[in-house]
Structure formats: structure tokens, C-alpha cells
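Report on the structure given below.
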Amino acid sequence: MAIDPKYSELVTNIENGDEDGGIEAAKGLLESGVDPLDIVQDAIMPCLKEIGDRFARMEVFLPEMMLAADVVKGVQDVLRERFSAIEVASEGRVVIGTVFGDIHDIGKNIVAAVLEANGYEVHNLGVNVDPKDFIKKAREVDADLIGLSSLMTTSIPYMRDVIDLVKESEVDRDRFKLIIGGGPVSEETVELTGADGWGENAADAVDAVRALMESG
Amino acid sequence: MENKPDILEILTRTQTGEYCTQKEWDTKRIPGTIRNILKEHDLAGACDPDNPVNTDMELADKFYAAGYQAALELGFHCTDTERIISVTQGELDLAVEAAPSELLVGEGQHATLLKSRTPSDPYPMKTACTLGIAVSEEYWPAMHYLIAREPEVDLLNGGSLITIRGKEVLSSTPIETFMGYEHAQMHKEARRKAGRPGMGAIVSISAVTEYGMLSSYGAKGGYSTKDLALVLFPSEMKIDYRTLHKVVQVHNVGGAMKADSPAMIGGMPGPPEGAVISSIACALLQYTILQPQTGGGEVYDVRTLSNVNREALWAQSLSMQALGRNTHLMTHPCMNQVSGPGTEKLLWEIAASVAVGAVAGGTLSTGPRSAGGKLTDHITPLECRFMSEISHAASGMALEDVNEFVKAALPHYEDTIKEPDLGLPFQKAYNLDTLEPIPEWQAIYHKVKDECIDLGVPLNPW
């Protein structure tokens with residue numbers, strides 16, 4: 001989809017990972033009377049989708065994805081500040097992290113960046129995250145979904161701990177969907193942990209998140 | 001004259017080095033530095049997926065110079081303190097010069113001599129089987145006895161235990177500490193039972209954190225310091241205290257260390273050419289900062305977390321060649337497959353990837369990672385045998401010949417790299433009464449082996 005030329009400065013700054021430039025461009029658009037929802041739907045979303053597609057083709061790489069996501073976060077903050085009554089459109093809210101005992105971050109960061117590129121609001125808790133902290137953050141931001149990553153087989157029980165905490169809670173059980181991913185994760189791990197879904201890679205994770213969100 | 005930094009000096013630098021946030025490191029420092037060096041050395045766009053084994057040694061030397069520059073400009077980032085551990089040129093040169101070019105792993109007649117190698121070096125690349133694939137406690141002893149019994153397998157690495165005496169192994173808990181020591185006992189027993197008590201081992205593959213290793217390496221009744229202690233980094237160009245605990249332990253007990261930190265195509269260093277530079281830099285820095293005996297030089301592709309595709313094979317060949325021609329370091333091409341046991345594709349992935357590492361100058365390769373390491377018990381001794389046969393046979397081949405071989409092997413599997421057949425678990429691919437591969441798996445092995453021989457790999461047909 002071609003992006004309206006009036007958004008070209010904003011789009012260029014997102015692509016270049018220039019947060020200050022992106023914020024200035026967004027402010028300029030608002031001052032010229034452009035609706036914030038149009039900025040999100042007609043500029044930010046297609047731009048992020050294009051960056052995600054370029055990543056899949058290896059035309060851009062993880063750092064560019066992470067920086068573009070940062071620009072978008074900054075721009076969304078500006079849109080919310082100016083129009084607090086308006087909820088900036090989001091595909092959904094995801095809390096993501098590498099579970100306790102595991103310090104590998106690259107796979108989880110890729111999934112976080114690709115989710116953001118696809119319009120999800122992502123709260124990245126980092127690595128070696130205590131099971132309770134996933135729940136705490138998910139409640140705090142009113143998340144739709146919790147994403148759990150691990151590259152180590154010995155951390156997979158901690159995935160199950162988070163899932164058990166959610167499923168055992170009357171408050172959280174129907175509130176948060178749970179998705180898992182990482183090197184040793186498979187259908188077998190989904191059965192073992194009781195997760196709602198899994199992603200084999202970043203693109204797969206986005207499809208799985210989308211399917212879970214649509215399933216209500 | 002400068003000295004190579006000692007380990008206490010390194011630990012101090014984790015607290016006194018330049019402050020840099022992890023975000024700045026990941027999104028600016030690594031990609032910016034690599035991008036500039038690629039441009040300065042005119043290496044952007046050098047990747048040739050049509051020829052997965054590089055045959056241009058001038059190019060390998062150019063990449064070495066670029067990687068050397070990246071090591072000095074970047075250093076390692078300590079994620080616990082967000083400080084950069086930088087090294088001087090004098091420290092790096094001295095540390096690389098002081099690194100050993102040979103190492104005997106194990107003891108007595110069953111020990112294995114690792115040697116620094118150059119491209120096409122006739123001294124064989126040695127193997128450590130398998131990678132840390134999750135293995136049930138029930139099958140671990142038989143599986144590892146059978147792997148240790150394979151005469152072509154040089155060192156026993158082994159699968160990761162997911163339970164110990166029926167209890168789940170939770171990392172960072174005392175159960176991991178308990179498991180570390182008990183796993184060492186099981187590991188030693190598998191080698192003893194196979195008639196190779198002095199066979200060298202890679203240590204503590206089941207230990208995610210320092211606890212499992214501290215309880216077993218150099219401990220009385222645990223792993224011998226003649227075995228290689230595995231020290232895995234969190235990711236390329238980064239170190240953390242968990243890893244450094246292991247490093248200090250190896251130094252304290254006078255052991256030997258294998259350090260690993262694969263560079264990622266598509267990750268922080270960007271394209272395949274950037275990953276080669278990062279891989280070389282990471283190897284040089286780990287020898288300066290951690291001072292292992294072996295390791296370094298691995299490249300993976302983030303799209304598949306493997307290195308059997310064309311770009312990753314090319315990058316792996318360049319990284320090994322660059323280090324093999326310009327240093328005497330004992331490097332480690334760790335080749336990750338995606339298909340599973342009982343499939344032809346797994347054997348073709350092993351043949352292509354391991355031949356690349358062997359001919360490019362790698363010293364030791366750990367593997368296979370059958371089924372991408374995703375499924376419990378999806379590893380068998382037969383592919384360990386095949387990997388070791390390929391590693392030894394391809395070592396002395398000409399780069400051009402291995403390039404042609406890999407070009408012939410790739411069409412056997414590259415269409416399914418993203419959606420591989422994960423094959424069979426050990427208990428279905430082997431007859432547990434006879435401890436032999438099932439006839440179908442044995443037949444596939446012979447078929448692929450014969451085809452590899454026809455394509456010029458000097459394997460022993462028997």
C-alpha cells in the first residue's frame with residue numbers, strides 16, 4: 001500500500017530510527033490538523049509492516065527493527081499526550097520476556113520487534129524474569145497476552161510456572177492468553193506447559209498471537 | 001611490554017569500563033561499528049550464496065583484518081554492569097600469541113589431540129557428540145553408551161537431562177547443583193562402559209547456570225580437569241557474571257575451557273558479511289578476555305537458528321578460514337541442523353555443514369543438533385557416527401572440491417529448512433533390545449554415505 005506523501009518525513013524517521021525526528025514530524029502533522037488515528041493507521045502501521053517484511057527478506061536487521069519500534073513508541077506517546085481522550089489504535093497488548101534461569105535475549109527481542117512492527121503494544125521485561133513479575137506487569141498494563149521465551153530446556157518448567165499461576169487465578173484465567181517460544185519449544189512443550197499457543201520463529205509468533213487474539 | 005590481562009584485571013574492568021546501556025550496545029555500537037568496518041574494508045556484498053565455500057584466500061585475510069579491527073574498537077559488553085571490557089592491541093596480540101595450538105583432551109589411550117588447523121589441513125577436525133539436546137533420564141545411559149562406543153566420535157558431549165532421579169531440573173536451584181555432579185557420574189559411566197574411560201568430555205552441558213558446573217568440574221569424583229569445560233556466552237560480543245563465574249572456576253582448578261558465542265546473521269551485526277566480522281572479533285576477544293583453550297568462530301542465521309543454509313555456510317567458511325590462516329587458535333564450527341533422525345535430509349545437512357567446517361580449518365565441531373534441538377530424545381548415535389566420519393574425511397579435501405560437494409548436497413534439503421521433517425526419537429529410530437538402528441534408518445545412512453562417496457568425499461565405505 002502506497003503511503004500518502006504527507007507522511008514521508010515521519011516514515012523516513014521511523015525507517016532511520018530517529019526518535020527525535022519522528023516525534024517532531026508527528027507534532028508537525030498534528031499541528032497541521034491531521035487526525036492522530038489517521039497517522040497511526042495510514043502511516044505508522046503500513047510503515048512498520050514494510051519494515052517487518054524487509055526483515056524477513058534480510059534487507060534490514062534486528063537493530064533497525066528495534067530502533068523503528070522505539071520511534072513508534074515515542075510518537076504514540078505524543079499522540080496520546082495531545083489527544084488523551086483518544087485511544088491510539090493497537091492490535092493488542094503483549095507482555096514478553098525470557099523466563100527465569102535463562103539469559104538469552106536475541107530470539108525474544110526479535111519477536112518483540114516483529115510484534116511491534118505489526119502494531120502490537122509490547123512490554124519487554126528482559127531476561128531471567130521471575131514468574132510472578134510476568135503476572136504483575138500483565139495486570140499493570142492490562143495485557144491481552146503473555147509471551148514466554150526460553151532457549152534452555154531447564155528453564156521450561158518456569159514457563160509452566162507462569163502458565164499455572166495464570167490458570168489457577170480466577171482473575172487472570174480468562175484474561176491473559178499465553179504463548180511460548182524459543183529453541184527447544186515445540187508442540188510437545190505446549191502440551192507439557194499448557195500454553196495456549198507457540199511460535200517456531202518470529203513470523204510464526206505473530207500469526208499465533210493474531211490467532212489467539214481473534215479467538216477471544 | 002604489555003601483558004595479557006589476567007582474570008582479576010578483567011573482573012575489575014566489568015566495574016570500571018566505559019558505561020554503555022545494553023540498548024545503545026545492541027542498536028548503535030555493534031551495528032554502527034560493523035557497518036563502518038564493512039565499508040572501510042570494502043566487504044559489503046561479498047557473500048556468494050552460489051558458492052557456499054569461499055575459495056578466495058585474499059578475501060579471508062581481508063575479513064580477518066576487519067574482525068581484528070572490530071575486536072579493538074568494540075570489546076565485550078558486560079550485561080550485569082553495562083560496562084565495556086575493552087582491550088588494547090598489545091593485550092590482544094599477546095593473548096592470541098599465548099593461546100595453545102594443541103591440547104590433549106581426556107586421558108591415556110582414549111584421549112584426543114586437538115590441533116590448530118588451516119584450510120584443507122590434513123589433520124582431521126575432531127568431533128564432540130552431541131549438542132545439548134534434551135534427553136530423558138530413562139534413555140540417557142543407553143544413548144550415551146552407544147555414542148561413546150562409536151569409534152569415530154572423538155569426544156563425548158551429550159544431551160541435557162531434563163530430570164534427575166525423576167525430579168525436574170530447575171536452573172539456578174540446588175537441584176541444578178545436585179544434577180551437575182550426578183550428571184558427571186552418568187557421563188563417566190557411559191564412557192567406562194563403552195570401553196573408553198579416558199575419552200575426553202565436554203563438561204556440564206546440562207548446567208544452564210554456574211551452579212551445575214561449580215558442583216562438578218574439578219570436583220572429586222566429578223569431571224576431570226582433562227575434560228573441556230563448556231562456557232557459553234549470553235550472545236555475541238556480550239559477557240555476564242554467570243559466564244564469568246564459570247571462567248573463574250576453570251582458571252582456579254587449572255582446567256581447559258571451550259568458549260562459544262555464535263555471531264548471528266540478521267542479528268546485531270546485520271548481513272552475512274557483518275556476522276563474519278563479528279564472529280572473528282568475538283573469537284579474538286574471548287581468547288584475550290577469558291583465555292580459553294578452544295572455541296570461537298561460529299556463525300548462525302537468526303531466521304532458522306541453524307547454519308545449513310547457503311549464507312550461513314558461506315559465512316562459517318569465511319570465519320574459519322580467516323582465523324585458521326591468520327592465527328593458531330583452535331576454533332569451533334558448531335553446525336546446527338534442522339531435520340530429525342531417520343531422515344535423509346538430516347544426513348545431507350550434516351554432510352554439507354560439517355564438511356564446510358572441516359575444510360575451512362575448524363579444530364573441533366560439536367553436534368549434531370538433530371531436529372534443531374527442539375524435541376526431547378530426537379538424537380541417535382548413528383548421525384553422530386556420520387558427522388564424525390564426514391568431519392574426518394572432508395578435512396584434507398580441496399576447498400574447491402568441498403564447494404562442489406556442498407552445491408550438490410544443498411538441493412537435497414534446502415527447500416525444507418524452514419519446515420523440516422523432525423524425524424524419530426531415539427527409542428523409535430533404534431531397537432532398544434539389540435541397541436542397533438532400525439533397518440530403515442540404517443539403510444538411509446548407507447544410501448547417503450554411498451552418495452557422498454560418489455560425490456568425492458573420501459569416506460570409508462564400510
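Identify all residues within segment A:161-204 that are open to solvent by 70 Å² or more (accessible area, probe 1.4 Å) and aromatic (Phe, Trp, Tyr); write none if there are none.
Hits for segment A:161-204: nothing passes.
May I ask you to list the residues in segment A:41-56 that are surrounded by fewer than 21 Cβ atoms within 10 Å (Cβ to Cβ) and more than 14 Å from every other protein chain (Cβ to nearest Cβ)?
Scanning segment A:41-56 gives A:Gln41, A:Asp42, A:Met45, A:Pro46, A:Lys49, A:Glu50.
Residue under question is B:Glu414, and the condition is that it be touching a Lys or Arg at 6+ places or on another chain (Cβ under 8 Å) and surrounded by fewer than 24 Cβ atoms within 10 Å (Cβ to Cβ); does it hold?
Taking the combined requirement at face value, the residue satisfies it.
So is A:Gly107 outside the structural domain of A:Asp77 (by TED's automatic domain parsing) and part of a loop (DSSP other than H, G, I, E, B) or not?
So A:Gly107 fails the test.
Would you be able to tell me the number of residues in segment B:115-134 that are open to solvent by 20 Å² or more (accessible area, probe 1.4 Å) and part of a loop (DSSP other than H, G, I, E, B)?
Total meeting the criteria: 9.
Name the residues in segment B:354-374 that are part of a helix (DSSP H, G or I) and of a type in the set (A, V, I, L, M), would you?
Scanning segment B:354-374 gives B:Val354, B:Ala355, B:Val356, B:Ala358, B:Val359, B:Ala360, B:Ala371.
So the check is Cβ under 6 Å with 6+ separation or different chains; which pairs have a first residue in segment A:60-80 that's touching a residue at least 60 places away in the same chain (Cβ under 8 Å) and a second one that's buried (at least 24 other Cβ atoms within 10 Å of the Cβ)?
A:Val75/A:Gly22; A:Val75/A:Ala26
Could you list, in sequence order, the residues of segment A:108-117 that are among the small types (Gly, Ala, Ser) and at pLDDT below 80?
Hits for segment A:108-117 are A:Ala113, A:Ala117.
Out of all the residues in segment B:293-306, which are open to solvent by 10 Å² or more (accessible area, probe 1.4 Å) and assigned to a strand (DSSP E or B)?
Within segment B:293-306, just B:Tyr300 meets the criteria.
Got a sec? Which of B:Asp56, B:Asp26, B:Asp6, B:Asp93 is among the acidic types (Asp, Glu) and in contact with a helix residue (DSSP H, G or I) (Cβ under 8 Å, 6 or more places away or on another chain)?
B:Asp26
So which pairs qualify, if the first residue must be in segment B:228-252 and under 17 Å from B:Ser204 (Cα atoms) and charged (D, E, K, R), the second must be at pLDDT 90 or above and crowded, with 19+ Cβ neighbours inside 10 Å, the Cβ gap must be under 7 Å, and the two must be at least 6 apart or on different chains?
Final answer for the pair search is B:Lys246/B:Ala229; B:Lys246/B:Val231.
Based on what the data block shows, is A:Gly33 more than 28 Å from A:Asp204 (Cβ to Cβ) and open to solvent by 60 Å² or more (accessible area, probe 1.4 Å)?
The answer is yes for A:Gly33.
Looking at (1) within 30 Å of B:Asp401 (Cα to Cα); (2) surrounded by 15 or more Cβ atoms within 10 Å (Cβ to Cβ); (3) under 25 Å from the mean Cα position of the chain (by Cα), which is the only condition B:Met57 fails?
The single condition B:Met57 does not satisfy is (2).
Considering only residues that are out of contact with any Ser or Thr (no Cβ under 8 Å at 6 or more places or on another chain), more than 22 Å from B:Leu455 (Cα to Cα) and either within 14 Å of chain A (Cβ to nearest Cβ) or hydrophobic (A, V, I, L, M, F, W, C) (or both), which ones fall in segment B:359-408?
The one that is out of contact with any Ser or Thr (no Cβ under 8 Å at 6 or more places or on another chain), more than 22 Å from B:Leu455 (Cα to Cα) and either within 14 Å of chain A (Cβ to nearest Cβ) or hydrophobic (A, V, I, L, M, F, W, C) (or both): B:Gly373.
For residues that are touching a residue at least 12 places away in the same chain (Cβ under 8 Å) and either over 24 Å from B:Arg369 (Cα atoms) or within 14 Å of chain A (Cβ to nearest Cβ) (or both), tally how many sit in segment B:153-172.
12
Could you please tell me which pairs satisfy a Cβ distance under 8 Å, a separation of 6+ or placement on different chains, a first residue in segment B:282-294 that is closer than 14 Å to B:Val248 by Cα, and a second residue that is open to solvent by less than 10 Å² (accessible area, probe 1.4 Å) and among the hydroxyl-bearing types (Ser, Thr, Tyr)?
B:Gln286/B:Ser261
Do you know which of the residues in segment A:21-30 that are open to solvent by less than 20 Å² (accessible area, probe 1.4 Å) and aliphatic (A, V, I, L, M) is nearest to A:Gly119 (Cα to Cα)?
A:Ala26
Residues in segment B:235-292 that are in a loop (DSSP other than H, G, I, E, B), surrounded by 24 or more Cβ atoms within 10 Å (Cβ to Cβ) and either more than 12 Å from chain A (Cβ to nearest Cβ) or among the polar types (S, T, N, Q) (or both): how many?
Total satisfying the criteria: 4.
Of everything in segment B:3-38, what is open to solvent by less than 90 Å² (accessible area, probe 1.4 Å), of a type in the set (S, T, N, Q) and away from every other protein chain (no Cβ under 14 Å)? Give them in sequence order.
B:Thr12, B:Thr14
Could you tell me which residue of segment A:57-107 is nearest to the other protein chains (Cβ to nearest Cβ), considering only residues that are modelled with pLDDT under 85, out of contact with any Pro (no Cβ under 9 Å at 6 or more places or on another chain) and open to solvent by less than 10 Å² (accessible area, probe 1.4 Å)?
A:Asp102
Which of the numbered conditions does B:Pro437 fail, given that it passes all the others? Conditions: (1) open to solvent by less than 20 Å² (accessible area, probe 1.4 Å); (2) away from chain A (no Cβ under 14 Å); (3) under 22 Å from the mean Cα position of the chain (by Cα); (4) over 15 Å from B:Val354 (Cα atoms).
Checking B:Pro437 against (1) open to solvent by less than 20 Å² (accessible area, probe 1.4 Å); (2) away from chain A (no Cβ under 14 Å); (3) under 22 Å from the mean Cα position of the chain (by Cα); (4) over 15 Å from B:Val354 (Cα atoms), the one that fails is (3).
Would you point out the residue of segment B:191-216, among those that are small (Gly, Ala, Ser) and buried (at least 24 other Cβ atoms within 10 Å of the Cβ), that is farthest from the other protein chains (Cβ to nearest Cβ)?
Among those residues, the one meeting the criterion is B:Gly200.
What strands (runs of 3 or more DSSP E) completely inside segment A:123-209 contain at least 2 residues that are within 14 Å of chain B (Cβ to nearest Cβ)?
Per the criteria, A:177-181, A:197-199.
Being within 14 Å of another protein chain (Cβ to nearest Cβ) and either crowded, with 24+ Cβ neighbours inside 10 Å or basic (Lys, Arg) (or both) is the filter here, so list the residues in segment B:310-329 that pass it.
Once the filter is applied, which keeps residues that are within 14 Å of another protein chain (Cβ to nearest Cβ) and either crowded, with 24+ Cβ neighbours inside 10 Å or basic (Lys, Arg) (or both), segment B:310-329 yields B:Arg310, B:Ala312, B:Trp314, B:Ala315.
Six or more apart or on different chains, Cβ atoms under 8 Å: show the pairs whose first residue is in segment A:129-146 and on the phi < 0 side of the Ramachandran plot and whose second is of a type in the set (Ser, Thr, Tyr) and in a helix (DSSP H, G or I).
So the pair list comes out as A:Pro131/A:Tyr158.
Here are B:Glu400, B:Glu383, B:Glu344: which of them is more than 28 Å from B:Ala281 (Cα to Cα), open to solvent by 10 Å² or more (accessible area, probe 1.4 Å) and of a type in the set (Asp, Glu)?
Criteria check complete, one pass: B:Glu344.
The values are calculated or read from the model by the stated rules, or taken from the named source; none is laboratory data. Small disclaimer: the values here were computed from a predicted structure and weren't measured. All Cβ positions, even for glycine, are placed from backbone atoms using ideal geometry, and neighbour counts span all protein chains on display. What goes into the accessible areas is simple: the full protein's heavy atoms, side chains included, and nothing from ligands, DNA or RNA. Shrake-Rupley method; radii C 1.70, N 1.55, O 1.52, S 1.80 Å.
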